[in-house]
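Input: a single structure, listed below in structure tokens.
The values are calculated or read from the model by the stated rules, or taken from the named source; none is laboratory data. Remember, it's a predicted structure, so these values are computed and weren't measured experimentally. Using ideal geometry, Cβ is built from the backbone for each residue, glycine included, and neighbour counts are taken over all protein chains shown.
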Amino acid sequence: MDIKSLYQSKLKNADEAVQLIPARGILSKGMAVSEPKALLEAIERRIKAGSIEALKLYYMHSEKHLHDTLLKYEYMDQIKPHPFFMGPIERGIVQRSLMEGKKYIYYMPGNFSSVPKVLSEIGLDAMVLMVAPMDKGGFFSCGTNADYTILAARSAKKVILEVNPNMPRVFGDCCLHISEVDAIVENISPLIEMPARPSTDLDRQIGKMIIEMVPDRATIQVGVGGVPNAVCEMLLNHQDLSVHSELMAPGLAKLIQSGAVTNKYKNINRHKNVYTIAMGDTAMYDFLNDNSSMEAYPVDYVNNPFVIAKNDNVISVNAFIEVDFSGQVNAEFMAGRQFSAPGGQLDFVRGSQLSKEGKSILTAYSTAAKGTVSRIVPKISGPSTDPRTDVQYIVTEYGVANLRGKSTYERGKALIAIAHPSFRDELTKQAKDMGLF
């Protein structure tokens, strides 16, 4: 059977396609932008009709389409969410369920790079995701999302695609062939957008310190937020930068478009901008589309510390919630609850330092809660996202602390020096009470 005939044989409407999902089983869905709107709505119709009994749902980073369909509180007896990332909707369900003495969210801790392997070992009955239209070779590009999406689809028993012409077609290892697919649904919908957050004066103040640590020819990885955006804005005059980043966001895309990024001094994926997930605005998605310099790869490649380390001068910039005197960092836990997830932070903390002349930079404002809480603390209040043995540079608006090669006494001194001045005396007293000073 030729490719076009094979496509037609698998083409269904959404309600027909989701009949491939068992009433009881294990389901995963495309992450973030690749959430398939029509398929999720069809699964919701099955819930309402009583033909979904208990579905374990494994996913990372839910967005509007999932919020509007399966992640409704009244469906929690039929849908069992197992998120690798806790967002506002999951936190809301946890809070309400605790008040009612119930357990509805089953958080899955783990580094982003390990998620594909975990899903493979669990064994998925079905995978639903959004893709770009099929090309002449019979391949569907996952566009914005390679992450765990592409590998989960390859390991699932049933693969259901939602084809959306708005999804960009990108290069790299992010495609599924028509022969790997069980059902196809066509649907046109706008892509989920995450506009860049404008940088503040404080973001730029921190950014100035960070860009002084970035040489020409560096390979850049930045996270999400005001400081990473400020860093990207300030790197426009650098030369021959490279990109190997978990996230492709508007700030990074604009840096690439400025000409400061050439990727010609990479040791791997030379001349290519490498990412595993893209979230941004329509302008960024248009930039990704049919752009051979943009390559998406699965997260177990992009976030593998040993792959990261193959490039020289890797500069990794990510955020933290709190750091304690010993240097251990919490970037996922707040107010006694799981707030987000480790994501790929530790992957890049380690990979960047394994890189020749690489640097791991973790940054945040010195305070939170409108200046009432210090982010530098005697002991972190949650799990250690980044062990003290791995943390290198900590940056606030008050300076840079390099923890590598420092004793616990020296670490405490260096961190208190970049804490907000109104907290330094109390932090010093606490350090003495702990026997650190």
For the range 390-405, give me the residue count where each residue is without any contact (Cβ under 8 Å) to a residue 60 or more places away in the chain and either among the aromatic types (Phe, Trp, Tyr) or within 10 Å of Ser326 (Cα to Cα) (or both). 1
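Can you give me the number of residues within the range 398-417 that are surrounded by fewer than 20 Cβ atoms within 10 Å (Cβ to Cβ) and out of contact with any Pro (no Cβ under 8 Å at 6 or more places or on another chain)? Walk me through how you get there before you give the answer.
Of all residues in the range 398-417, those surrounded by fewer than 20 Cβ atoms within 10 Å (Cβ to Cβ) come to 398-400, 402, 404-410, 413-414, 417.
Then keep just the ones that are out of contact with any Pro (no Cβ under 8 Å at 6 or more places or on another chain); that gives 399-400, 402, 404-410, 413-414, 417.
So the answer is 13.
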Kindly check whether there is at least one residue in the range 98-118 that is surrounded by fewer than 16 Cβ atoms within 10 Å (Cβ to Cβ), acidic (Asp, Glu) and more than 24 Å from Tyr301 (Cβ to Cβ). yes
Given (1) surrounded by fewer than 20 Cβ atoms within 10 Å (Cβ to Cβ); (2) assigned to a loop (DSSP other than H, G, I, E, B), where does Asp147 come up short, assuming only one miss? (1)
List the number of the failed condition for Gly123; all other conditions in (1) on the phi < 0 side of the Ramachandran plot; (2) surrounded by fewer than 17 Cβ atoms within 10 Å (Cβ to Cβ) hold. (1)
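Search the range 162-191 for residues being of a type in the set (Val, Ile, Thr) and assigned to a loop (DSSP other than H, G, I, E, B), and hand back the single one that is surrounded by the fewest Cβ atoms within 10 Å (Cβ to Cβ). Break it down stepwise before answering.
Within the range 162-191, the first condition is being of a type in the set (Val, Ile, Thr), and the residues that meet it are 163, 170, 178, 181, 184-185, 188.
Keeping just the survivors that are assigned to a loop (DSSP other than H, G, I, E, B) gives 170, 181, 188.
Working: Val170: 27, Val181: 20, Ile188: 10.
That would be Ile188.
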Would you confirm whether any residue within the range 313-334 is in contact with a strand residue (DSSP E or B) (Cβ under 6 Å, 6 or more places away or on another chain), over 30 Å from Glu426 (Cβ atoms), among the charged types (D, E, K, R) and at pLDDT 95 or above? no
When residues of the range 214-262 are limited to those that are out of contact with any Phe, Trp or Tyr (no Cβ under 8 Å at 6 or more places or on another chain) and of a type in the set (D, E, K, R), the one nearest to Asn304 (Cα to Cα): Asp216
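Mind telling me which of the residues Lys102, Lys158 ends up being farther than 25 Å from Leu247 by Cβ and either in contact with a strand residue (DSSP E or B) (Cβ under 8 Å, 6 or more places away or on another chain) or not basic (Lys, Arg) (or both)? Explain how you work it out, then say what you get.
Working: Lys102 fails: either in contact with a strand residue (DSSP E or B) (Cβ under 8 Å, 6 or more places away or on another chain) or not basic (Lys, Arg) (or both).
Lys158 is the lone residue from the list that is farther than 25 Å from Leu247 by Cβ and either in contact with a strand residue (DSSP E or B) (Cβ under 8 Å, 6 or more places away or on another chain) or not basic (Lys, Arg) (or both).
This table checks each residue for (1) of a type in the set (Asp, Glu); (2) assigned by TED's automatic domain parsing to the domain that holds Asn273; (3) within 27 Å of Gln353 (Cα to Cα); (4) without any contact (Cβ under 8 Å) to a residue 60 or more places away in the chain.
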| site | (1), (2), (3), (4) |
| --- | --- |
| Tyr148 | no, no, yes, no |
| Ile160 | no, no, no, no |
| Pro165 | no, no, no, yes |
| Phe171 | no, no, no, no |
| Glu193 | yes, no, no, no |
| Ile211 | no, yes, yes, yes |
| Val214 | no, yes, yes, no |
Considering each of Ser340, Ser292 in turn, give the residue that is modelled with pLDDT under 95, closer than 30 Å to Ser120 by Cα and out of contact with any Cys (no Cβ under 6 Å at 6 or more places or on another chain). Ser340
Filter the helices (runs of 4 or more DSSP H) completely within the range 292-372 down to those with at least 3 residues that are farther than 28 Å from Lys406 by Cα and among the β-branched types (Val, Ile, Thr). none
Only listed residue being buried (at least 22 other Cβ atoms within 10 Å of the Cβ), hydrophobic (A, V, I, L, M, F, W, C) and either in contact with a Phe, Trp or Tyr (Cβ under 6 Å, 6 or more places away or on another chain) or not in a helix (DSSP H, G or I) (or both), chosen from Ile47, Ile52: Ile52
Just to verify a result, which residue in the range 381-433, among those that are among the aromatic types (Phe, Trp, Tyr) and not in a strand (DSSP E or B), is farthest from Gly226 (Cα to Cα)? Tyr409
Per the filter on the range 393-414, residues under 13 Å from Thr367 (Cα atoms) and among the aliphatic types (A, V, I, L, M) are Val395
I'm told Ala153 meets every condition in (1) under 21 Å from His65 (Cα atoms); (2) in the same structural domain as Ser355 (by TED's automatic domain parsing); (3) assigned to a helix (DSSP H, G or I) except one. Can you identify the failing condition by its number? (2)
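With the condition kept exactly as written, say whether any residue in the range 137-146 is touching a His at 6+ places or on another chain (Cβ under 9 Å), within 21 Å of Met279 (Cβ to Cβ) and not acidic (Asp, Glu). Walk me through how you get there before you give the answer.
So the first thing to find is which residues in the range 137-146 are touching a His at 6+ places or on another chain (Cβ under 9 Å), and the list is 137-140.
Filter again for within 21 Å of Met279 (Cβ to Cβ), leaving 140.
Retained after the next criterion (residues that are not acidic (Asp, Glu)): 140.
Yes, some residue in the range 137-146 is touching a His at 6+ places or on another chain (Cβ under 9 Å), within 21 Å of Met279 (Cβ to Cβ) and not acidic (Asp, Glu).
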Between a first residue in the range 80-94 that is in a strand (DSSP E or B) and a second residue that is among the β-branched types (Val, Ile, Thr), which pairs have beta carbons less than 6 Å apart while being 6 or more apart in sequence or on different chains? Pro81/Ile105
